[in-house]
1. Which net charge results for the neighbourhood of VAL108, defined as the other residues with beta-carbon distances under 13 angstrom from its beta-carbon, given Lys and Arg at +1 and Asp and Glu at -1?
2. What ³J(HN,Hα) values, in whole Hz, does the Karplus curve 6.51 cos²θ - 1.76 cosθ + 1.60 give for the range 149-157 when θ = phi - 60°, with x put for Gly and Pro?
3. How far, in degrees from 0 to 90, does helix 492-516 lean away from the longest principal axis of the Cα atoms of the chain, to the nearest 10?
4. Could you let me know the centre-to-centre spacing of the range 286-330 and the range 486-543, using Cα atoms, in angstrom?
5. Let me have the 222 nm mean residue ellipticity of the chain computed from DSSP H runs of 4+ only, each contributing -39500 (n - 2.57), with the sum over all residues rounded to the nearest 500.
6. Projecting each Cα onto the charge dipole of the chain (Lys/Arg +1, Asp/Glu -1 at the beta carbon, about the Cα centre), which of TYR203, ILE505, PHE410 comes out farthest on the positive side?
7. Filter the GluC sites (Glu not before Pro) in the range 381-466 down to the DSSP loop ones having no more than 12 other Cβ atoms within 10 Å, then list what survives.
8. Once you order the gyration tensor axes a ≥ b ≥ c over the Cα atoms, which shape class does the range 532-699 get: rounded for a/c under 1.5, otherwise prolate or oblate by comparing a/b with b/c?
Amino acid sequence: MKEQFNYDNGIVRKFAIATMVWGAVGMLVGLIAALQMVSPVFNFLTDFLTFGRIRPLHTNAVIFAFVGNGIFMGVHYSLQRLLKTRMWSDLLSNINFWGWQLIILSAVLTLPFGFTSGKEYAELALPIDIAIALIWVVWGVNMFMTIFNRRERHLYVAIWFFIGTFVTVAMLHIVNSFAMPFSFLHSYSWYAGVQDALVQWWYGHNAVAFFLTTPYLGLMYYFIPKAANRPVYSYRLSIIHFWALLFIYIWAGPHHLLYTALPDWAQALGTAFSVMLIAPSWGGMLNGLLTLRGAWDRVREDAVLKFMVVAVTAYGMATFEGPMLSLKNVNALSHYTDWTVAHVHIGALGWNGFLTFGMLYWLFPRMWNTKLFSTKLANTHFWLGTLGILFYALPMYWAGFTQSLMWKEFTAEGFLAYPNFLETVTQLKPLYALRAFGGAIYLTGVIIMIYNLIKTAKSGVFEANEPAEAPALEKNVSIKGETWHRALERRPVQMLVFSLVAVSIGGIIEIIPTFLIQSNVPTIAAVQPYTPLELEGRDIYIKEGCNNCHSQMVRPFRSETERYGEYSKAGEFVYDHPHLWGSKRTGPDLHRIGGKYGDSWHYNHMYDPGSISPGTIMPSYPWLIERTVDSSVTPKKINAMRTLGVPYSENYENQAVADMQTQANAIAANLRKEGIEVLPETEIVALIAYLQRLGTDIKK
């Protein structure tokens with residue numbers, strides 16, 4: 001006897017609209033950021049539109065707004081049909097939707113205004129992090145209750161990836177978000193230095209793995225067979241793909257920290273497992289492409305299949321390049337350069353972008369019971385998107401090679417061939433212009449898609465509650481001769497537990513020894529906590545997003561020690577909450593900048609960078625000269641740092657403001673001698689104090 005029920009298309013429509021809107025917004029912000037790399041004039045002399053402020057807005061908008069809504073769109077559509085049931089709770093579905101949009105809106109209202117944790121891909125303030133965790137649990141509860149109410153006995157491979165995504169992202173987000181608040185929107189990372197770097201990139205790499213990859217692999221396993229009208233190529237390969245990916249991926253984070261102060265054993269583990277990743281990743285790619293066997297003639301005509309083929313190919317390219325970039329000899333060339341930017345955008349624009357576009361083109365005609373408004377426009381979008389990726393990625397690869405070779409080149413006499421870092425920057429401007437052109441082409445394709453899908457929707461009739469029928473699931477039926485995995489596919493709770501175990505092992509083995517074994521972070525007696533003024537300056541540095549363009553990690557290469565000074569030691573960062581090692585050098589490394597230039601140099605460099613470094617693309621920061629430090633919060637910061645283990649003396653918060661004023665008066669007096677009048681309580685004075693402190697402890 002078949003039961004009658006309805007699929008909820010209304011929630012899919014909401015997430016689809018949000019995907020398109022936030023996708024366009026996120027890419028527009030990315031285009032502005034790309035133009036700022038061509039000329040600082042595109043910073044518009046406003047604090048909330050500088051590159052340092054909007055770069056995290058761009059990454060969060062693309063990752064969590066565009067891709068995040070794409071995930072929820074695809075999951076809510078596919079899960080209902082794979083389980084032959086409506087989502088368990090319409091209320092939870094709508095809380096999921098509106099809660100996620102409010103989180104995105106809160107990012108728009110905080111990141112450009114300097115409310116940031118300073119942790120890459122995890123910049124959002126602590127209250128927003130808590131909201132993310134709550135909404136993620138809402139989605140997970142709704143998903144699992146839907147699974148429990150299913151009319152299909154076995155869980156299809158796509159659902160395995162959804163389960164793995166849910167449990168792993170929850171674990172990563174919660175562990176990385178631990179922080180000590182000192183006001184509603186401000187906090188310090190619970191971890192410091194080496195430990196913070198390891199936890200951050202355990203999260204950062206696996207945010208790419210388990211937010212940008214595993215859920216989209218689940219969607220690949222649903223939408224490619226549907227679009228091609230072909231079964232998945234290999235069931236056994238999908239099993240290997242899922243479990244190997246889950247277990248191996250979580251270990252790979254340390255490959256972002258090669259040649260840094262991270263212990264060598266952790267770097268080696270990250271490299272080893274990163275290289276292993278190529279096997280399950282390419283197994284999944286081949287499973288997706290070979291699903292199209294017998295349907296290749298349709299690829300030439302079907303825009304949906306075109307997008308999906310390029311998406312899976314881009315996934316294969318990115319997951320081949322990732323393990324190669326984790327090899328230390330390759331990483332020595334690629335790290336801190338635009339090569340990494342090219343690599344990341346092959347995945348983001350090709351894999352996530354194109355698979356999302358393919359899903360949207362597939363979903364709209366079906367939910368509105370009509371034909372796609374214009375196949376020609378869809379094909380135009382495909383070619384614009386493809387050209388956009390090429391115009392973006394190829395110049396960035398060239399820029400990365402150029403940077404690395406120029407940074408490392410020595411003359412026959414043994415001197416740096418390009419001692420002035422700015423020589424590299426000016427060399428890259430034409431390539432940055434090409435990158436912006438590629439981004440503009442890609443965004444144009446997205447706008448065409450939005451127009452095409454709006455016209456498609458207007459030509460049809462939306463079916464919010466799509467009728468369906470299926471026989472009820474028989475309970476407690478034993479199946480003889482079942483393999484262990486087929487049996488597991490009937491047990492979602494066990495699959496959840498096994499997934500958690502698989503992804504926990506790597507994190508436990510890498511992270512816990514780094515915290516518990518003292519020799520992993522040897523102390524340096526000369527390293528002391530920041531003074532209150534330096535602490536305030538560090539917070540300004542983070543607020544302005546300086547860490548988006550500058551690293552603070554001198555690696556043990558001759559080219560770097562010649563350029564910057566003594567290589568960085570683990571013990572130098574024990575009071576850094578969070579670490580600021582960086583992942584990109586648009587400007588030079590700053591870990592040894594302290595004492596290299598006078599106070600007036602830093603003042604002029606922040607007020608008018610071009611007067612100090614002609615041809616620079618760094619924006620000016622005139623507001624730092626006008627705005628004052630809120631000293632009423634300083635004691636709270638000292639208290640928070642003491643709670644985190646920074647050895648400020650008992651009751652030092654009562655003395656902190658006076659000490660801060662004394663140091664600020666000294667810097668203001670130095671500037672006055674150079675003919676610069678500035679109030680001691682301004683932000684520029686605090687920032688100068690911090691910059692002059694960097695890297696000087698080991699010189700004592």
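Read-outs throughout are calculated quantities, based only on the coordinates presented, and are distinct from any laboratory measurement. Since we're looking at a predicted model, the values are computed, not measured. Cβ: placed from backbone, ideal geometry, glycine included. Neighbour counts: every protein chain shown.
1. So the surrounding residues net to 0.
2. 9, 5, 10, 10, 5, 8, 7, 6, 3
3. Here the helix axis deviates by roughly 20 degrees.
4. 33 Å
5. -20000 deg cm²/dmol
6. Among TYR203, ILE505, PHE410, the one farthest towards the positive end of the dipole of the chain is ILE505.
7. GLU409, GLU413
8. It is oblate, given that a/c is not under 1.5 and a/b is not larger than b/c.
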